[in-house]
1. Would the stretch 308-319 turn up any residue that is closer than 26 Å to residue 464 by Cα and either crowded, with 22+ Cβ neighbours inside 10 Å or in the same structural domain as residue 449 (by TED's automatic domain parsing) (or both)?
2. Among (1) within 16 Å of ligand 2 (Cβ to nearest atom); (2) modelled with pLDDT under 90; (3) among the aliphatic types (A, V, I, L, M), there is one condition residue 135 misses while meeting the rest; what is its number?
3. From the set of residues in the stretch 321-363 that are in a loop (DSSP other than H, G, I, E, B) and hydrophobic (A, V, I, L, M, F, W, C), which is modelled with the lowest pLDDT?
4. Given the criterion within 14 Å of ligand 2 (Cβ to nearest atom) and without any contact (Cβ under 8 Å) to a residue 60 or more places away in the chain, identify the matching residue among 60, 91.
5. So the check is Cβ under 8 Å with 6+ separation or different chains; which pairs have a first residue in the stretch 14-30 that's farther than 15 Å from residue 46 by Cα and outside any strand (DSSP E or B) and a second one that's basic (Lys, Arg) and modelled with pLDDT under 95?
6. Can you name the residue in the stretch 169-221 that is part of a strand (DSSP E or B) and under 15 Å from the mean Cα position of the chain (by Cα) and is also surrounded by the fewest Cβ atoms within 10 Å (Cβ to Cβ) among such residues?
7. Could you check the stretch 46-119 for strands (runs of 3 or more DSSP E) lying wholly inside it with 1 or more residues that are within 16 Å of ligand 1 (Cβ to nearest atom) and surrounded by 20 or more Cβ atoms within 10 Å (Cβ to Cβ)?
8. Scan the stretch 222-234 for residues that are modelled with pLDDT under 95 and either more than 24 Å from the chain's Cα centre (by Cα) or farther than 23 Å from residue 30 by Cβ (or both) and jot them down.
Amino acid sequence: MIASLAATPIMEVRNIRKSFAGNPVLRDVSFEIRPGEVHALVGENGAGKSTLMNVMTGNHHSDAGEIVLAGKTIRLSDPKSAAELGIGIVHQELSLAPNMTVAENIYSGREPTTFLGFINKRRMRARAREVFSRIGLDINPDAKAGSLSVAWQQMVEIAKALSLNAKVLIMDEPTSALSGAEIEHLYAIIRGLRDNGVGIVYISHKLGEVFEIADRVSVLRDGQLVRTLPVPETNPDEIIRLMVGRDIKDLYPPKASRLGEVIFKVEGLTLPGKVDDVSFELREGEILGFAGLVGSGRTETARAVFGAERPAKGRITLRDREVVIRGPGDAIRQGICYLSEDRKGFGLFLTMSVRGNIASSSLPAYSSSLQFLDFNRVREASRELLDTLDIRPRNDSLNIINLSGGNQQKTMLAKWLAAKPTILIADEPTRGVDIGAKVKIHQHLRRFAESGVGVIVISSELPEVLGLSDRVVVFRNGSVSADLRNDNLTQTEVMHYAAN
Ligand SMILES: Nc1ncnc2c1ncn2[C@@H]1O[C@H](COP(=O)(O)OP(=O)(O)OP(=O)(O)O)[C@@H](O)[C@H]1O
Ligand SMILES: [Mg+2]
């Protein structure tokens, strides 16, 4: 497997330093990638992983240090020059232009041209098809990128990086929007590339993935590279200790101690082509898990309940009262909140501060009777949530775009906690969140449920659904295929109902 252990690095960075507004984010980091290896890079939210990769791909300029490619020191003036040198990246945040087609996105800036210099659309389409067939996917190159689900957009990002025929391929949390089958698919792609001598950097918060796919693992902590270890010579506990500086025992809180009345009921929910006759109930104190493959209808159901999609049919009962949800604003007013899986497209206001985002869902709660916003109360509430959720840095006036991916996710959760909902639907609540923060979010969701809020959790990580939920609703092809009490339910059992 590790044929290239002795090989010279294909790419290396030496003593990289980078500060943002005087805050050091990378402190003397040296890191190397060998040809034909999968090198995992792990660390807590805000440790500096994405920043390091942005330096290696010309998106950021380091303050000091050296970048060496195949033995030669290089300067990366911008992302394009990195791409031309065969350094590809799949960014943590989806970066496709939603109004452009899939093929246009893949070849943006390097479109194949005709003899006369026009963009050769036919060639572009054919090439896009070819990349997709290489990774065994059937995505329409003419589809608008924005019309695809987050998982498919992620696949397009991967195809885009592959189309460069990169020698170095960086994947920043590539599976955060993928589930079982797609992840296996991605592994097959990665192994194929590795066997062809490509050097791969694999960033993930899921240690299971690291131990399955990586040959070596490096740990970043507070901007310093603390260790690089061959995977066969280490174990998850050691890696967690290196990352967070302590042991973590219980990833999940205890199950519900008692269940109350039914507080939320959905009957016969139907969205043509997406959701077919979905019914479920939620009791007080209960965490209900939604399991299923990507595209099975979990998210569409949540969006329909939240009023982000208009269902053609269906009844929603909230505490014995039938309600009609006219749109997301209406849902929030009635106490139904939805933590979206897509934090960029739907959830966070990227041009606003952390505080503004937190307050955005619950502005009326902070107004006096005369509708004046009580800024002190907003500030106090947001500071408190920063502490509870350990959002770093502890500065709620920062623009959200400058936060690391995981801390943006925590801010989104803070926003809904501030709204004090009756029903909270959390779609991939720990996506991109480090292991320590994950434990905290899990505890919060349980505490929420115990305080009488109905909690629904959607997660592509089956262990998370099983670890958190008291009951699991399994989706398949837009319908509910099983509604199971979680008495030591196993992954195999759930998969049995989820598989097509
Ligand atoms: N453009 C920027 N301006 C100011 N600060 C930034 C900027 N980009 C990143 N930071 C800060 O740099 C630190 C490292 O962020 P980075 O995104 O590299 O973390 P990460 O290890 O990728 O975390 P995550 O696991 O959450 O994705 C964070 O404290 C972040 O707030
Ligand atoms: Mg990151």
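1. Here is the first cut: in the stretch 308-319, the ones closer than 26 Å to residue 464 by Cα are 308.
Imposing the further condition that a residue be either crowded, with 22+ Cβ neighbours inside 10 Å or in the same structural domain as residue 449 (by TED's automatic domain parsing) (or both) reduces the set to 308.
Yes; the residues of the stretch 308-319 include at least one that is closer than 26 Å to residue 464 by Cα and either crowded, with 22+ Cβ neighbours inside 10 Å or in the same structural domain as residue 449 (by TED's automatic domain parsing) (or both).
2. (1)
3. Among residues in the stretch 321-363 that are in a loop (DSSP other than H, G, I, E, B) and hydrophobic (A, V, I, L, M, F, W, C), the one modelled with the lowest pLDDT is 346.
4. It is 60.
5. none
6. From the stretch 169-221, those part of a strand (DSSP E or B) are 169-172, 199-203, 216-221; that's our starting set.
Now narrow it down to the ones that are under 15 Å from the mean Cα position of the chain (by Cα): 171-172, 202-203.
Values: 171: 25, 172: 23, 202: 25, 203: 25.
Going through the qualifying residues, I end up with 172.
7. 87-90
8. Hits for the stretch 222-234: nothing passes.
The values are calculated or read from the model by the stated rules, or taken from the named source; none is laboratory data. Everything quoted here is computed from the prediction, not taken from an experiment. FYI the Cβ positions are ideal-geometry reconstructions off the backbone, even for glycines, and counts take in every protein chain you see.
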